[in-house]
1. Which members of the range 34-62 meet the condition of being aliphatic (A, V, I, L, M) and either closer than 26 Å to residue 280 by Cα or in contact with a Pro (Cβ under 9 Å, 6 or more places away or on another chain) (or both)?
2. Among the residues of the range 234-243, are any open to solvent by 30 Å² or more (accessible area, probe 1.4 Å), touching a helix residue (DSSP H, G or I) at 6+ places or on another chain (Cβ under 9 Å) and under 30 Å from residue 151 (Cβ atoms)?
3. In the range 251-270, which residues are more than 24 Å from the chain's Cα centre (by Cα), of a type outside the set (D, E, K, R) and either in a helix (DSSP H, G or I) or crowded, with 19+ Cβ neighbours inside 10 Å (or both)?
4. Just to confirm my filter: which helices (runs of 4 or more DSSP H) fall fully inside the range 51-157 and include at least 2 residues that are in contact (Cβ under 8 Å) with a residue 24 or more places away in the chain and either aliphatic (A, V, I, L, M) or surrounded by fewer than 16 Cβ atoms within 10 Å (Cβ to Cβ) (or both)?
5. Pairs, please: C-beta under 8 Å, at least 6 apart or cross-chain, first residue charged (D, E, K, R) and in the range 270-283, second open to solvent by 20 Å² or more (accessible area, probe 1.4 Å)?
6. Among the residues of the range 38-50 satisfying the criterion of being in contact with a strand residue (DSSP E or B) (Cβ under 8 Å, 6 or more places away or on another chain) and not in a loop (DSSP other than H, G, I, E, B), which is surrounded by the most Cβ atoms within 10 Å (Cβ to Cβ)?
7. Looking at the range 11-31, is at least one residue buried (at least 20 other Cβ atoms within 10 Å of the Cβ), in a helix (DSSP H, G or I) and not hydrophobic (A, V, I, L, M, F, W, C)?
8. Scan the range 134-174 for residues that are aliphatic (A, V, I, L, M), farther than 20 Å from residue 116 by Cα and under 18 Å from the mean Cα position of the chain (by Cα) and jot them down.
Amino acid sequence: MSGYENAIEVKGLTKKYDGFTLDNVDITVPKGTIMGFVGQNGAGKTTTIRSLLNIITPDSGSISLFGMDLKENEGAIKERLAVVFDELPFHDCLNANQINTIMREIYKQWNSDTYFAYLDRFALPRKKKASQFSKGMKMKLQIAAALSHNAELLIMDEATAGLDPVVRSEMLDVFMEYIQDENHSILMSSHITSDLERVADSLTFIHGGKIIMSDYKDVILENHRVIKCSGKSAADIDGKDIVSIRKSDFGSEVMVKNFSEHCGNYSGMVADKTTLDEILLFYVKGMTGREWTI
């Protein structure tokens, strides 16, 4: 089961809709890592994930999971992956005990002991209908089910959206535990960059259906800086290094990339470290023009 290097390999994935195109997307998730899949609502995250699950059929491109082609090995692949959506996939009339009965008929490696251990850990009732659960309880129930059939890959689509900070932190702890097994991998779609900053090994940014950046998280954070300067000194910065410029009454803030390689160009300037949230903001704003005003 472990004879593969990448949990996910997507090449040239394209899907055209009226008014939106997922355009030639490449994604690689190495085995044993967490990749954060970042972008605004409507950027193409869900379309990509639905393609990975064969819910929709791409117009072109290839998808491989665990080293196997999705089209040729869909059944075997789906035995080995788990999916967590932002809404509970089980009917509201079901309780946790009934879900256990259903799931052990679906997955060959379903483990009821693991499932009930998660229920106890999350303090989830076994006989109460899911309709009576809070949003946080529903998410915990989903995760308990997702992690109880020995899945090697966990795919999440905005799973922590709408949860309070305490529940989100608890979920992130579970994901970090899951990834301790080097055969486990996670693709975590989210627009909550603080969560990804905490747990992700690598990040892929998508905007308008196109991948605008994909690299290890630490490399992305190290290579981007915000230069605070006057309009005149902003003009001295090499345009090839500029992501975009935020202007205000107090001066300019210039987001630069490749800082590690060209740090000598910024001697004498204030070059502040930045966050994933800021990096995403500067890239998105830069799509409509290099300078923008607050």
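The values are calculated or read from the model by the stated rules, or taken from the named source; none is laboratory data. From a predicted model like this one, the values you see are computed outputs, not experimental measurements. For neighbour counting, all protein chains shown are included, and Cβ atoms are generated from backbone atoms with ideal geometry for every residue, glycine included. Accessible surface is based on the protein model in full, side chains and every heavy atom, while ligands, DNA and RNA are left aside. Shrake-Rupley method; radii C 1.70, N 1.55, O 1.52, S 1.80 Å.
1. 34, 35, 38, 43, 49, 52
2. No; the residues of the range 234-243 include none that is open to solvent by 30 Å² or more (accessible area, probe 1.4 Å), touching a helix residue (DSSP H, G or I) at 6+ places or on another chain (Cβ under 9 Å) and under 30 Å from residue 151 (Cβ atoms).
3. Answer for the range 251-270, where residues must be more than 24 Å from the chain's Cα centre (by Cα), of a type outside the set (D, E, K, R) and either in a helix (DSSP H, G or I) or crowded, with 19+ Cβ neighbours inside 10 Å (or both): 252, 254, 259, 260, 262, 263, 264, 265, 266.
4. 96-106, 112-121, 135-146
5. Every condition considered, the pairs that remain are 272/228; 273/221; 277/194.
6. 48
7. No, because not a single residue in the range 11-31 is buried (at least 20 other Cβ atoms within 10 Å of the Cβ), in a helix (DSSP H, G or I) and not hydrophobic (A, V, I, L, M, F, W, C).
8. 153, 155, 156, 159, 161, 163
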